[in-house]
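Asker: Sending over a structure as structure tokens; questions will come in a sec.
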Amino acid sequence: MAFSVRSVMFTKRKIFVFLKTTRSFFSANNNILPYQRKPKSNKQWRNSRKKSSLSKHVSWEDRLADVVTPLWRLSYDEQLEIKQNAQERILSRLCQDLSDDLCPSFRRGKTSFPVLNILPSPVRDGYRNKSSFSVNRGVDGNPKTVGFYTGSWREKNVVCVNGDHLLNMSEKHKQVARCYQDFIRMSPLEPCLLFHSGGHWREITVRTNTQGHTMAIVYFHPQTLAPEEVAVHKAALVDYFTSGPGSVCQLDSLFFQENTMTRCTHEVSPYQHLYGQPYIYEKVLDFKFRISADAFFQVNQAAAEVLYGTVRDLCIPNIDKGGERTKTGGTLLDVCCGTGAIGITTSPRVDRIIGIELVEQAVEDARHNAALNNILNCEFIPGKAEVVLPHLMNQFSSTDQLTAVVNPARSGLHYRVIRAIRNQHAIRRLVYVSCKPEGEAMRNFRELCCAPDPKKKLTGRAFTPTLAVPVDMFPHTPHCELVLLFER
Ligand SMILES: C[S@@+](CC[C@H](N)C(=O)[O-])C[C@H]1O[C@@H](n2cnc3c(N)ncnc32)[C@H](O)[C@@H]1O
């Protein structure tokens with residue numbers, strides 16, 4: 001990989017400066033504005049942010065942009081620098097924690113590893129392939145407004161502002177949101193603004209692929225309506241988007257979910273397919289992926305190619321023998337595999353891929369995706385990784401060639417997953433992909449690297465972080481993906 005390398009050297013002085021200057025960029029709330037100087041105390045900081053976001057001189061649109069895309073006023077280079085610094089601070093804290101945690105290799109002074117320069121997103125604007133728009137009272141008081149919330153619930157000044165000006169939003173998503181707003185404004189049913197206060201129309205999620213195919217999912221609270229009554233409104237929705245004014249959106253697929261809770265899985269309340277194709281498809285690194293209504297897929301396709309290429313190279317470095325790339329063999333465990341993207345894109349380099357994923361539909365997609373790409377060496381197991389992985393580990397002996405990649409949700413991995421990985425001696429290489437490394441993932445990093453602890457049943461040798469690669473998946477926001485390689 002042709003990147004320049006920054007080294008994180010953890011001298012006492014740097015740690016002192018780090019602690020003294022500022023807390024992590026991501027602390028407390030991710031919306032800190034980079035051009036705001038952080039006041040001395042957290043209270044001052046919160047007050048200054050509140051004041052600035054509620055200032056009469058800032059338009060609602062700018063307030064929303066400051067919340068959803070807080071880096072939008074900066075050049076892309078400046079954004080990357082902020083993210084790079086934030087990742088370096090997080091990694092610096094990790095090393096500090098590890099040395100405090102009596103991690104032997106960190107005590108011996110091996111407290112530096114390279115942090116590569118952040119890999120930029122090839123697409124900076126309109127990159128989101130999935131957007132969820134809420135329904136609430138707009139700036140003009142209209143309760144049937146489709147957009148994003150801004151303001152504070154506690155201060156009762158929440159308003160819904162349309163997202164047409166947001167830089168990360170695709171034109172197609174904006175168009176579907178506008179049409180949905182027109183539709184619910186014509187509907188005799190009320191919007192569902194708060195769960196306990198009645199109303200029906202809730203948010204809409206829009207998914208698109210690089211070819212412009214579009215899926216919309218409308219969420220609806222049935223309240224006391226009978227199924228026949230709900231059916232009338234579903235039919236009106238289909239008419240609107242297929243032959244009415246909404247047909248300008250050229251939806252390829254329309255889903256409907258009736259739910260009485262904020263978030264419901266397909267298993268709890270099925271996604272009802274109202275119209276068109278049941279799936280959309282996306283291409284990543286020349287592999288084709290089928291995506292269901294509720295399956296996870298990276299929100300930025302172009303950056304996903306960068307991410308998956310990086311992860312693949314770190315999991316299974318491809319040995320170049322006389323100009324020919326060779327397969328290195330072994331097994332790759334893809335933990336929290338979603339629709340199978342990491343495993344499938346890495347499959348040509350290994351003998352076997354085993355993916356584990358909680359969401360049944362995503363597992364179905366992953367199996368389908370392997371078949372779609374004529375890949376025969378992938379298997380996908382549904383279930384919680386903390387339940388599946390400990391049993392799976394019994395299949396392997398310490399001499400097997402086993403690599404693991406984990407890409408959990410923000411809540412990180414269950415301790416049992418970490419323990420199963422640590423205690424399986426065959427795993428000498430582990431790639432951790434995290435979109436929030438400063439959160440629960442940090443706990444996982446420490447559990448991977450701390451000294452063996454029989455009381456916690458952590459008997460396997462400690463891992464050591466050896467390389468970090470930040471990848472920018474979310475331009476205009478402070479977030480990025482961190483790919484962290486651990487070895488032992
Ligand atoms: C950040 S996504 C990554 C998906 C996939 N690696 C990709 O790049 O498309 C995290 C995935 O972990 C799954 N997940 C969450 N908790 C899990 C658990 N306890 N066991 C297995 N999978 C889980 C989610 O359903 C989701 O698909």
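Yes/no matrix, rows are residues, columns are (1) assigned by TED's automatic domain parsing to the domain that holds Thr331; (2) in contact with a strand residue (DSSP E or B) (Cβ under 7 Å, 6 or more places away or on another chain); (3) modelled with pLDDT under 95:
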{"position": "Val388", "(1), (2), (3)": "yes, yes, no"}
{"position": "Ile421", "(1), (2), (3)": "yes, yes, no"}
{"position": "Glu440", "(1), (2), (3)": "yes, no, yes"}
{"position": "Arg443", "(1), (2), (3)": "yes, no, yes"}
{"position": "Asp472", "(1), (2), (3)": "yes, yes, no"}
{"position": "Pro475", "(1), (2), (3)": "yes, no, no"}
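Asker: If you don't mind, another one. For the subset of the stretch 186-229 comprising residues that are assigned to a loop (DSSP other than H, G, I, E, B) and loosely packed, with under 13 Cβ neighbours inside 10 Å, which member is modelled with the lowest pLDDT?
Answerer: Residues of the stretch 186-229 assigned to a loop (DSSP other than H, G, I, E, B): 187-190, 192-194, 198-200, 209-213, 221-226.
Then drop every residue that is not loosely packed, with under 13 Cβ neighbours inside 10 Å, which leaves 188, 194, 211-212, 224, 226.
On the way: Pro188: 97, Leu194: 80, Gln211: 94, Gly212: 92, Thr224: 93, Ala226: 96.
Out of the qualifying residues, it is Leu194.
Asker: Hey, does the stretch 308-330 have a residue that's assigned to a helix (DSSP H, G or I) and over 26 Å from the mean Cα position of the chain (by Cα)? Even if it seems obvious, please write down each step before you answer.
Answerer: Just the residues of the stretch 308-330 that are assigned to a helix (DSSP H, G or I), to begin with: 308-315.
With over 26 Å from the mean Cα position of the chain (by Cα) added as a condition, the list becomes none.
The answer is no; no qualifying residue exists.
Asker: Does Met169 satisfy the criteria of being hydrophobic (A, V, I, L, M, F, W, C), buried (at least 19 other Cβ atoms within 10 Å of the Cβ) and in a loop (DSSP other than H, G, I, E, B)?
Answerer: Details: hydrophobic (A, V, I, L, M, F, W, C): yes; buried (at least 19 other Cβ atoms within 10 Å of the Cβ): yes; in a loop (DSSP other than H, G, I, E, B): yes.
For Met169, the condition - hydrophobic (A, V, I, L, M, F, W, C), buried (at least 19 other Cβ atoms within 10 Å of the Cβ) and in a loop (DSSP other than H, G, I, E, B) - is met.
Asker: While we're here: Which of the residues spanning the stretch 129-162 are assigned to a loop (DSSP other than H, G, I, E, B) and either out of contact with any helix residue (DSSP H, G or I) (no Cβ under 9 Å at 6 or more places or on another chain) or buried (at least 22 other Cβ atoms within 10 Å of the Cβ) (or both)?
Answerer: Let us first name the residues in the stretch 129-162 that are assigned to a loop (DSSP other than H, G, I, E, B), namely 129, 137, 139-144, 151-158, 162.
Selection gives Asn129, Arg137, Asp140, Gly141, Pro143, Lys144, Trp153, Arg154, Lys156, Val158.
Asker: Taking the stretch 246-290, which residues are hydroxyl-bearing (Ser, Thr, Tyr) and either surrounded by 15 or more Cβ atoms within 10 Å (Cβ to Cβ) or modelled with pLDDT of 95 or more (or both)? Quick ask: steps written out before the conclusion?
Answerer: Going through the stretch 246-290, the residues hydroxyl-bearing (Ser, Thr, Tyr) turn out to be 247, 253, 260, 262, 265, 269, 271, 275, 279, 281.
If the condition is that a residue be hydroxyl-bearing (Ser, Thr, Tyr) and either surrounded by 15 or more Cβ atoms within 10 Å (Cβ to Cβ) or modelled with pLDDT of 95 or more (or both), then Ser247, Ser253, Thr265, Ser269, Tyr271, Tyr275, Tyr279, Tyr281 are the ones that fit.
Asker: Something else now. Taking strands (runs of 3 or more DSSP E) that fall entirely within the stretch 231-286, which contain at least 2 residues that are in contact (Cβ under 8 Å) with a residue 12 or more places away in the chain and of a type in the set (D, E, K, R)?
Answerer: Working: elements: 253-258, 272-276, 280-284.
Result: 280-284.
Asker: Another question, then. When you look at Glu440, is it without any contact (Cβ under 8 Å) to a residue 40 or more places away in the chain and within 30 Å of Met169 (Cα to Cα), yes or no?
Answerer: Values: without any contact (Cβ under 8 Å) to a residue 40 or more places away in the chain: yes; within 30 Å of Met169 (Cα to Cα): yes.
Yes; evaluated as a whole, the condition is true for this residue.
Asker: Could you please let me know if Gly340 is touching a residue at least 40 places away in the same chain (Cβ under 8 Å), more than 10 Å from the ligand (Cβ to nearest atom) and not hydroxyl-bearing (Ser, Thr, Tyr)? I'd like the intermediate steps shown before the answer.
Answerer: Numbers: touching a residue at least 40 places away in the same chain (Cβ under 8 Å): yes; more than 10 Å from the ligand (Cβ to nearest atom): no; not hydroxyl-bearing (Ser, Thr, Tyr): yes.
For Gly340, the condition - touching a residue at least 40 places away in the same chain (Cβ under 8 Å), more than 10 Å from the ligand (Cβ to nearest atom) and not hydroxyl-bearing (Ser, Thr, Tyr) - is not met.
Asker: Further question: Test Ala303 against the stated conditions and say whether it is among the aliphatic types (A, V, I, L, M), within 18 Å of Val483 (Cα to Cα) and either surrounded by 21 or more Cβ atoms within 10 Å (Cβ to Cβ) or away from the ligand (no atom under 14 Å from the Cβ) (or both). Walk me through it before giving the result.
Answerer: Working: among the aliphatic types (A, V, I, L, M): yes; within 18 Å of Val483 (Cα to Cα): yes; either surrounded by 21 or more Cβ atoms within 10 Å (Cβ to Cβ) or away from the ligand (no atom under 14 Å from the Cβ) (or both): yes.
Yes; evaluated as a whole, the condition is true for this residue.
Asker: Within the stretch 425-435, can you find the residues that are more than 14 Å from the ligand (Cβ to nearest atom), in contact with a strand residue (DSSP E or B) (Cβ under 7 Å, 6 or more places away or on another chain) and either more than 14 Å from Leu485 (Cα to Cα) or among the basic types (Lys, Arg) (or both)? So that I can check it myself, show each step before the final result.
Answerer: Applying the first criterion (more than 14 Å from the ligand (Cβ to nearest atom)) to the stretch 425-435 yields 425-430.
Next, from what is left, pick out any that are in contact with a strand residue (DSSP E or B) (Cβ under 7 Å, 6 or more places away or on another chain): 426-430.
Within the stretch 425-435, Ala426, Arg428, Arg429 qualify.
Asker: Turning to a different aspect of this structure: Might you let me know whether the stretch 358-365 holds any residue that is farther than 20 Å from Ile280 by Cα and either in contact (Cβ under 8 Å) with a residue 12 or more places away in the chain or of a type in the set (Gly, Ala, Ser) (or both)? Explain how you work it out, then say what you get.
Answerer: Applying the first criterion (farther than 20 Å from Ile280 by Cα) to the stretch 358-365 yields 358.
When the remaining residues are screened for being either in contact (Cβ under 8 Å) with a residue 12 or more places away in the chain or of a type in the set (Gly, Ala, Ser) (or both), the result is 358.
Within the stretch 358-365 (the criterion being farther than 20 Å from Ile280 by Cα and either in contact (Cβ under 8 Å) with a residue 12 or more places away in the chain or of a type in the set (Gly, Ala, Ser) (or both)), the answer is yes, since at least one residue qualifies.
Asker: Which ones in the stretch 391-415 are surrounded by fewer than 16 Cβ atoms within 10 Å (Cβ to Cβ), within 16 Å of the ligand (Cβ to nearest atom) and free of Cβ contacts under 8 Å to residues at least 60 places away in the same chain?
Answerer: Of all residues in the stretch 391-415, those surrounded by fewer than 16 Cβ atoms within 10 Å (Cβ to Cβ) come to 391, 394-395, 397-400, 409-411, 415.
Restricting the remaining residues to those that are within 16 Å of the ligand (Cβ to nearest atom) gives 391, 409-411, 415.
His391, Arg410, Ser411, Tyr415 - these are the residues of the stretch 391-415 that are surrounded by fewer than 16 Cβ atoms within 10 Å (Cβ to Cβ), within 16 Å of the ligand (Cβ to nearest atom) and free of Cβ contacts under 8 Å to residues at least 60 places away in the same chain.
Asker: Does the stretch 369-389 contain at least one residue that is surrounded by 22 or more Cβ atoms within 10 Å (Cβ to Cβ), touching a residue at least 12 places away in the same chain (Cβ under 8 Å), farther than 23 Å from Asp400 by Cα and touching an Asp or Glu at 6+ places or on another chain (Cβ under 7 Å)?
Answerer: In the first step, residues of the stretch 369-389 are kept if they are surrounded by 22 or more Cβ atoms within 10 Å (Cβ to Cβ); the result is 369-370, 378, 380, 385, 389.
With the extra rule that they be touching a residue at least 12 places away in the same chain (Cβ under 8 Å), the set shrinks to 369-370, 378, 380, 385, 389.
Still in the running and farther than 23 Å from Asp400 by Cα: 369-370.
Applying the additional criterion that residues be touching an Asp or Glu at 6+ places or on another chain (Cβ under 7 Å) yields none.
Taking every residue of the stretch 369-389 in turn, none turns out to be surrounded by 22 or more Cβ atoms within 10 Å (Cβ to Cβ), touching a residue at least 12 places away in the same chain (Cβ under 8 Å), farther than 23 Å from Asp400 by Cα and touching an Asp or Glu at 6+ places or on another chain (Cβ under 7 Å).
Asker: Still on this model: Give me the residue from the stretch 420-446 that is of a type in the set (Lys, Arg) and surrounded by fewer than 21 Cβ atoms within 10 Å (Cβ to Cβ) and, out of that set, nearest to Gln96 (Cα to Cα). It would help to see each step written out before you state the result.
Answerer: We begin by selecting, within the stretch 420-446, every residue of a type in the set (Lys, Arg); these are 422, 428-429, 436, 443, 446.
Remaining after also requiring surrounded by fewer than 21 Cβ atoms within 10 Å (Cβ to Cβ): 428, 436, 443, 446.
Details: Arg428: 23, Lys436: 18, Arg443: 13, Arg446: 11 Å.
So the residue we want is Arg446.
Asker: Report yes if Val387 is aliphatic (A, V, I, L, M), within 13 Å of the ligand (Cβ to nearest atom) and under 28 Å from Glu88 (Cα atoms), otherwise no.
Answerer: Working: aliphatic (A, V, I, L, M): yes; within 13 Å of the ligand (Cβ to nearest atom): yes; under 28 Å from Glu88 (Cα atoms): no.
Judged against the criteria, Val387 is not a match.
The values are calculated or read from the model by the stated rules, or taken from the named source; none is laboratory data. Here the structure is a predicted model, which means the values were calculated and not measured. Cβ: placed from backbone, ideal geometry, glycine included. Neighbour counts: every protein chain shown.
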